[in-house]
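**Q** Following this message is one structure expressed as structure tokens.
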Amino acid sequence: MRFSSSHLHIFSTSSQLYGREKSLKVYIMDNYDFIVIGGGPAGMMAAGCAGERGEKVILLEKTDRLGKKLLMCATGRCNVTNTAPLHVFIEAYGNGGNFLRPALETFDNEKLRLFLLSYGAETIVESKGRVFPKSQRADSVLNALETYMHNHHVKIQTNTHVLHLKLENNRIVGVETNHEEIPGRNVLIATGGLSYPNTGSTGDGYKLASSVGHTVRPTYPAIIAFETAESWVKSLQGMPIKNANISCYQQNKKIAEHFGEALFTHYGISGPAILDISKRLVECLPNGPVQIHIDFKPKHATEELDDILLNQIKRHGGKAIKSCLTPLIPEKLAPILLNLCNIETQKKASQITTPERNKILKQLKGLRLTLVRHRPIEEAIVTAGGISLDEVDTRTMKSKLLEGLYFAGEVLDIDGPTGGFNLQAAFSTGYLAGSSVKTTF
Ligand SMILES: Cc1cc2nc3c(=O)[nH]c(=O)nc-3n(C[C@H](O)[C@H](O)[C@H](O)COP(=O)(O)OP(=O)(O)OC[C@H]3O[C@@H](n4cnc5c(N)ncnc54)[C@H](O)[C@@H]3O)c2cc1C
């Protein structure tokens, strides 16, 4: 194996050889105990953790700075974790939950919050147990991780793109980058998924892992918005629908249901309630379009809603029917809804017939949209699929196939819902990998 001069230190010493004083040059390779590929939350946590244990660590990041995606999290506020108990975490990751148990037990949400606090990033809890830095700024989380690595002498090299893993006798001996070869006994792949490629997450880890025999499960977007067949959504772009119940059907079978906030977009529909069930919808879409029914007033039974509507009509009989709907739905939505009922928007409320009222009620309790496709994976919050968990040791994050290889973060076949679950998975797996590295072999 060829090593570049930047990793070779030459020390001169003297020694007694064959009774003669001789100058002896000892060549010591700058051989790292741990090479971390990827400067996202998983890689940074792993690097700091291994450094803290006295390992000689280098972190290689292909872009010009660390944590680009971390800085985007929750539109720059960074929902670092959730206060949910362990069993809720385990359930949240679906099939990946049990795999994550040792990582979560080793470094859970409380430990993460204490870690951040100890590095000056106090956290606060918001609705649904979501935890954010008190500063409301993702860069305080990044600063904590950078200080952690700095304090433990992690060497950081940005603009360094890892192209290949180097093997000898079926074990890792280093990596090849766009500049040089770097020798190292252990290598962590923490290259993230496929979304937001301008942050550096372009799926390199899948190629690196499969080049040494690892199985990569098919990847697809897990938290993602959808395009609809109905083009009228465009006129409602940016309009949120709060406290709605969303039921999803395919071939008349209910496939998902969720309560919360949805958001109309220029192409279709998004918002937390949609994103939370998006993984299931993405999985179903190859079998055909998915119908979603939006119940704008889930807390009111149809009869109750009819009473409210009748009351409105009685009070404002001389006004246009659309003005009777505004206490129930956003103003911009009223003409669309009436259009779908084939009712003239300016028709006087007092002239609305019972069948017309029933049509309005039907739309209020279940406006239909047809999802035709999901948005591209580049726009996803998280990538589902990835490195098969069957081939990774759950207690160490070590490859079961190749000595010296480790995985952490989104590159693994793990994804969680919104609410801080994905960052916690990255931190926990990174921590476990960094604390499991053994330099003796
Ligand atoms: C818009 C958005 C908002 C989000 N908000 C939240 C949130 O609030 N809470 C939450 O829990 N999750 C959130 N997520 C998800 C979360 O950001 C990711 O799950 C998390 O960043 C994954 O961490 P990671 O370290 O595994 O990978 P990444 O953060 O993707 O980092 C991987 C790093 O590896 C580098 N890399 C890749 N290939 C190479 C290579 N060949 N050589 C060297 N370096 C390489 C990349 O440049 C990148 O810096 C959000 C995601 C997005 C896109």
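**Q** Once the chain is represented by equal point scatterers at the alpha-carbon sites, with solvent omitted, what log10 I(q)/I(0) does the Debye formula produce at q = 0.07, 0.13 Å⁻¹?
**A** Evaluating at q = 0.07, 0.13 Å⁻¹ gives log10 I(q)/I(0) of -0.45, -1.07.
**Q** If the cut-off is 16 Å between C-alpha atoms, which aspartates and glutamates fall inside it for LYS348, apart from same-chain ones fewer than 8 positions away?
**A** Partners within reach: GLU356.
**Q** Also: What are the lysines whose alpha-carbon lies under 20 Å from the alpha-carbon of LYS69, with same-chain residues fewer than 8 places away excluded?
**A** LYS134
**Q** Roughly how big is the chain's charge dipole about its Cα centre, with Cβ charges of +1 (Lys, Arg) and -1 (Asp, Glu), in debye to the nearest 20?
**A** Taking the Cα centre of the chain as origin, the dipole is about 920 debye.
**Q** Per the Debye formula with a single identical scatterer at each Cα and no solvent contribution, what log10 I(q)/I(0) holds for the range 299-441 at q = 0.11, 0.16, 0.21 Å⁻¹?
**A** Computed log10 I(q)/I(0) values: -0.62, -0.83, -1.16.
**Q** Take peptides 410-419, 327-336, 100-109, 249-258 and line them up by average Cβ neighbours within 10 Å, highest first, as a rough protection proxy.
**A** Result, highest mean first: 410-419, 100-109, 327-336, 249-258.
**Q** Follow-up question, since we're still on this one. May I ask for the net charge around LEU309, where only other residues with Cβ less than 13 Å from the Cβ of LEU309 are counted and Lys, Arg are +1 while Asp, Glu are -1?
**A** Net local charge, LEU309 excluded: +3.
**Q** Moving to a separate point now. What angle, in degrees between 0 and 90 and rounded to the nearest 10, separates the Cα long axis of helix 354-366 from the longest principal axis of the Cα atoms of the chain?
**A** The angle comes out at about 10 degrees.
**Q** So, one more: Need one number: % antiparallel among DSSP beta bridges in the chain, to the nearest 5.
**A** Beta bridges within the chain, antiparallel portion: roughly 80 percent.
**Q** Something else about it: Residue farthest toward the positive end of the dipole of the chain, with Cβ of Lys/Arg at +1 and Asp/Glu at -1: which of LEU337, ASN178, PRO41?
**A** LEU337
**Q** Now for a different question. May I ask you to evaluate 6.51 cos²θ - 1.76 cosθ + 1.60, the Karplus curve with θ = phi - 60°, for each residue of the range 268-273 and list the ³J(HN,Hα) values in order in whole Hz, giving x for glycine and proline?
**A** Using θ = phi - 60°, the values come out as x, 9, 9, x, x, 5 Hz.
**Q** Protein chains only, probe 1.4 Å: how do ARG53, ARG113 rank by accessible area, largest first?
**A** Solvent-accessible surface, decreasing: ARG53, ARG113.
**Q** Per-residue counts of other Cβ atoms within 10 Å, averaged by peptide: what ranking do you get for 378-389, 337-348, highest first?
**A** 378-389, 337-348
**Q** For the chain, build the charge dipole from Cβ charges (+1 Lys, Arg; -1 Asp, Glu) around the Cα centre, then report which of PRO218, LEU310, GLY97 sits farthest towards its positive end.
**A** Highest projection toward the positive end goes to LEU310.
**Q** Could I ask something else about it? Can you pull the accessible area of LYS56 for me, 1.4 Å probe, Å² to the nearest 10?
**A** Surface accessible to solvent at LYS56 totals approximately 80 Å².
**Q** Just list whichever of LYS234/LYS322; LYS68/LYS155; LYS68/LYS400; LYS299/LYS322; LYS279/LYS322; LYS279/LYS400 have alpha carbons separated by over 26 Å in the model shown.
**A** LYS68/LYS400; LYS279/LYS322; LYS279/LYS400, as the Cα separations exceed 26 Å there.
**Q** Something else now. Can you list the residues, at least 5 places off or on another chain, whose amide H is less than 5 Å from the amide H of GLY174, using H built in the peptide plane?
**A** Residues meeting the amide H criterion: LYS166, GLY184.
**Q** I would also like to ask the following. Can you give the charge dipole size of the range 336-441 about its Cα centre, rounded to the nearest 20 debye, using +1 on the beta carbon of Lys and Arg and -1 on the beta carbon of Asp and Glu?
**A** Result for the range 336-441 is approximately 900 debye, rounded to the nearest 20.
**Q** Next question. How many percent of the accessible area of the range 319-441 is carbon or sulfur, using a 1.4 Å probe?
**A** Accessible surface attributable to carbon and sulfur in the range 319-441 totals 49 percent.
**Q** Could you list the trypsin sites (Lys or Arg not before Pro) in the range 364-425 that lie in coil according to DSSP, counting only those with at most 14 other Cβ atoms within 10 Å of their Cβ?
**A** In loop regions of the range 364-425 (DSSP not H, G, I, E or B), the sparsely surrounded trypsin sites (Lys or Arg not before Pro) are ARG395, LYS400.
**Q** Between HIS150 and THR215, what is the label-to-label distance in nm when each label sits 7 Å out along the Cα-to-Cβ direction?
**A** Those two pseudo-labels are separated by 4.4 nm.
**Q** Additional query: Please give every one of the aspartates and glutamates within straight-line cross-link reach of LYS359, meaning a C-alpha to C-alpha distance under 16 Å, and leave out same-chain neighbours fewer than 8 residues apart.
**A** ASP295, GLU303, GLU304, ASP306, ASP307, GLU344
**Q** Do you know the relative contact order of the chain, to the nearest whole percent, from alpha carbon pairs under 8 angstrom that are 6+ apart?
**A** 22 percent
**Q** Same structure again: To the nearest 20 Debye, how big is the dipole of the range 247-364 about its Cα centre, given +1 on the beta carbon of each Lys and Arg and -1 on that of each Asp and Glu?
**A** The calculation lands at about 320 debye.
**Q** Give me the net charge for the shell around ILE414: Cβ to Cβ below 15 angstrom, other residues only, Lys and Arg +1, Asp and Glu -1.
**A** -4
The values are calculated or read from the model by the stated rules, or taken from the named source; none is laboratory data. Bear in mind the structure is a predicted one, so any value in this text is a computation, not a measurement. Note that each Cβ is placed from the backbone with ideal geometry, even for glycine, and that neighbours are counted across all protein chains shown. Remember, those area values only see protein heavy atoms, side chains included, never the ligands or the DNA or RNA. Shrake-Rupley method; radii C 1.70, N 1.55, O 1.52, S 1.80 Å.
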